[in-house]
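Reviewing the structure listed below.
No value in this document is a laboratory result; all are computed from the given coordinates. Just so it is clear, the model here is predicted, and its values are computed rather than measured. Glycine also receives a Cβ, built like all others from the backbone with ideal geometry; neighbour counts cover every protein chain displayed.
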């Protein structure tokens, strides 16, 4: 299935989707999933509590945000791929971050969770047919295809990788 068209997702997600150069999600899994996961798993352990400015997330907070977002997007992807037409609600990432208490966790435990979750996401993506990826649903009051969500998952990781490289390392 080719890269999603703009009518497959709300405009807000265009920046994430445009970061992925691969023509289908299987190519993305096979070519960028491991390097992206490797990047986050190899962040320096002594930087976990570092924030580049006052009132900005620490790297622990960011990893927890990535985990939370990936879980939510994976759930949306599964529901839509399985033709569930129930409208799915949005979520407030900042509220989630406040409730997550990432500072109480070890950086290593967050990395372990991310590693397991990324593997789970990749296995789900590789299990889906083109027909399932083409299915449409409603998330946050907007039409979205499962394929678009798959691309957003990788675009979200790319987005945070760039932030880490520019502001944390």
Inset, instruction - Can you put 142, 65 in order of Cβ neighbours within 10 angstrom, beginning with the fewest? - result: 142, 65
Inset, instruction - Would you mind calculating the gained length between residue 105 and residue 24 on full extension (0.36 nm times residue separation, minus the Cα-Cα distance), in nm to one decimal? - result: 25.6 nm
Inset, instruction - Could you tell me the distance between the Cα centroids of the range 2-33 and the range 92-166, to the nearest Å? - result: 13
Inset, instruction - For residue 42 paired with residue 83, estimate the spin-label separation in nm (one decimal), with each label point 7 Å from Cα along the Cα-to-Cβ line. - result: 4.4
Legend entry - Rel. contact order, % - alpha carbon contacts under 8 angstrom, at least six apart, the range 6-168: 41
Inset, instruction - Considering only 134, 116, 81, give the residue with the highest GNM mean-square fluctuation for the chain, with springs between Cα atoms whenever their separation is below 10 Å. - result: 116
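Starting from the Cα gyration tensor of the range 12-107, take the square roots of the eigenvalues, sort them a ≥ b ≥ c, and report rounded, prolate or oblate (rounded when a/c is under 1.5, otherwise prolate if a/b is larger than b/c, else oblate).
Oblate, because a/c is 1.5 or more while a/b does not exceed b/c.
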Inset, instruction - Give the relative contact order (percent, whole number) for the range 99-169; include only Cα pairs under 8 Å separated by 6+ residues. - result: 15
Legend entry - Residues 144, 158, sorted so that the one with the fewest Cβ neighbours within 10 Å comes first: 158, 144
Legend entry - Rounded to 10°, Cα long-axis angle of helix 146-163 versus longest principal axis of the chain: 20
